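What follows is a single structure, written as structure tokens, with notes after it.
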Amino acid sequence: MSAKIVTITSGKGGVGKTTAIASLGIALASLGQKVVCIDGDIGLRNLDVIMGLENRIVYDIVDVVEGRCRLRQAMIRDKRVPGLFLIPAAQTRDKNALSPSDMMRLGDELRAEVDWVLIDSPAGIERGFKNSIAAADRILVLTNPEISAVRDADRVIGILEAEEKGSPDLIVNRVNYEMVQKGEMLSTEDILDLLAIDLIGVVPEDKSVLVAANQGTPVSLNKDSRAGQAFRNIAMRLTGENVPFMDLEEKGGFWNKLSKLAGGN
Amino acid sequence: MSFFKKVFGNEKKSAQSAKERLQLVLTHDRTDITPAQLEALKDELIEVISRHISINPEAVNIDIAREGREQRLVADIPIKVAPRRGR
């Protein structure tokens, strides 16, 4: 195996990186891929609770890097989907406990083990962010249709360009179709025009995301969730499939379920 | 927002304001050039060019244009029509 290492980053906090990593991890593993999700937010770990694996942590990423355990011992198996693992962040350390070269070494070791390594970057553009992108083959920038989130995304894209990481792909999260229609929310087209990078996914605002977080069951496990569907689509695009973008106008009514059965999105 | 503005849609929608504000902010974030610096650059350019060519300082326009992720310094400097010299 030779894993692809994908990092999700955003600059701004609270835009949905952790939700995206958990959902993409579940979705890729459901496609039969072997996936490791890494929480890169040392000191502020959260991917464990979003994935619902918080009670099973023994070792964390800093333990691996500092040699207190083997890599395999820090990989928590998600029992819901075969082939999905989590490497949690250390909670009692800070970002300086890891370096970009530690992440490169860890990435190289994981490449041989799995198909995908998904890294959840912390907010900001400092050490934790630098660690998270060090080993990445591909970077996804996630933003919301909010003026501050778009500005921060642009800053991150600029840094990635300056570091010659290549052009990242964009995920627009929490789009409220009605507000966009009323002209009270930036549309995906507006954001693409401003940021000028390629789009890999648009995720509608969806109450089921909070419910999923409450329960520790990533939203892509919920077949009825539109956000879940959007993340499953992104996972398929990552594997190289050409999946059309969801029609955000669509509501979850009877006729839509029927059209879904008939092969819609 | 007044009732009439609401009904007749004269009020600029907030998404449009957000986009326009972002266009300006991102240009400055990306280039690190402040409007004041741009103004100073314009004054100096006018001074240098005026030494060689007759231009109308009022009509000079210097701006940063966006093209995808690239920024471009665009100067529009109309030249004054030179009076024809008789032969």
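The values are calculated or read from the model by the stated rules, or taken from the named source; none is laboratory data. Since we're looking at a predicted model, the values are computed, not measured. Please note: Cβ atoms are built from the backbone with ideal geometry, for glycine as well, and neighbour counts cover all protein chains shown.
Return yes when A:Ile171 is outside any loop (DSSP other than H, G, I, E, B) and modelled with pLDDT of 95 or more and no when it is not. Can you show your working first?
Details: outside any loop (DSSP other than H, G, I, E, B): yes; modelled with pLDDT of 95 or more: yes.
Considered against the rule, which asks whether it is outside any loop (DSSP other than H, G, I, E, B) and modelled with pLDDT of 95 or more, A:Ile171 comes out as yes.
Take the residues in the stretch A:1-57 that are in a helix (DSSP H, G or I) and free of Cβ contacts under 8 Å to residues at least 60 places away in the same chain, then tell me which one is surrounded by the fewest Cβ atoms within 10 Å (Cβ to Cβ). Working first, answer last.
Initially, the stretch A:1-57 is screened for residues in a helix (DSSP H, G or I), giving A:17-30, A:47-51, A:54-56.
Of the ones still in play, those that are also free of Cβ contacts under 8 Å to residues at least 60 places away in the same chain are A:29, A:48, A:55-56.
Working: A:Ala29: 25, A:Asp48: 24, A:Asn55: 9, A:Arg56: 14.
Only one residue fits best here, namely A:Asn55.
Just so you know, in the stretch B:1-40 the residues that are within 24 Å of A:Lys182 (Cβ to Cβ) and not in a helix (DSSP H, G or I) include one that is modelled with the highest pLDDT, and it is B:Lys13.
For the stretch A:146-165, the condition holds for at least one residue, the condition being that it is within 30 Å of A:Met75 (Cα to Cα), surrounded by fewer than 21 Cβ atoms within 10 Å (Cβ to Cβ), within 14 Å of chain B (Cβ to nearest Cβ) and of a type outside the set (A, V, I, L, M). The requirement of being acidic (Asp, Glu) and more than 27 Å from A:Ile191 (Cβ to Cβ) is satisfied by A:Asp102. Against the list (1) in a loop (DSSP other than H, G, I, E, B); (2) more than 11 Å from chain B (Cβ to nearest Cβ), the condition A:Glu184 fails is (2). In the stretch B:11-27, the residues that are more than 7 Å from every other protein chain (Cβ to nearest Cβ) form Cβ pairs under 7 Å with partners that are exposed (fewer than 15 other Cβ atoms within 10 Å of the Cβ) and of a type outside the set (Lys, Arg), at six or more places apart or across chains, as follows: B:Glu11/B:Met1.
Between a residue in the stretch A:176-194 that is at positive phi and any residue that is crowded, with 16+ Cβ neighbours inside 10 Å and among the aliphatic types (A, V, I, L, M), which pairs come within a Cβ distance under 8 Å, given they are 6 or more apart or on different chains? Pairs found: A:Gly183/B:Ala15. Contact map, the stretch B:51-62: residues that are over 12 Å from B:Ile79 (Cβ atoms) paired with residues that are exposed (fewer than 11 other Cβ atoms within 10 Å of the Cβ), Cβ distance under 7 Å, separation 6+ or inter-chain. Pairs shown: B:Asn61/B:Asp76. Of the residues in the stretch A:108-122, not one is within 14 Å of chain B (Cβ to nearest Cβ) and under 30 Å from B:Ala15 (Cα atoms). For residues that are among the acidic types (Asp, Glu) and surrounded by fewer than 18 Cβ atoms within 10 Å (Cβ to Cβ), scanning just the stretch A:102-111, find the one that is farthest from A:Ala135 (Cα to Cα). Selected residue: A:Glu109. A residue that is farther than 22 Å from A:Leu24 by Cβ, crowded, with 18+ Cβ neighbours inside 10 Å and small (Gly, Ala, Ser) can be found somewhere in the stretch A:86-101.
Hey, any hits in the stretch A:244-254 for a residue that's among the aromatic types (Phe, Trp, Tyr) and part of a loop (DSSP other than H, G, I, E, B)?
Here is the first cut: in the stretch A:244-254, the residues among the aromatic types (Phe, Trp, Tyr) are A:245, A:254.
Still in the list and also part of a loop (DSSP other than H, G, I, E, B): A:245.
Yes - at least one qualifying residue is present in the stretch A:244-254.
Mind checking which residues of the stretch B:32-65 are exposed (fewer than 15 other Cβ atoms within 10 Å of the Cβ) and closer than 30 Å to A:Met185 by Cα? Of everything in the stretch B:32-65, those that are exposed (fewer than 15 other Cβ atoms within 10 Å of the Cβ) and closer than 30 Å to A:Met185 by Cα turn out to be B:Asp32, B:Ile33, B:Thr34, B:Pro35, B:Asp63, B:Ala65.
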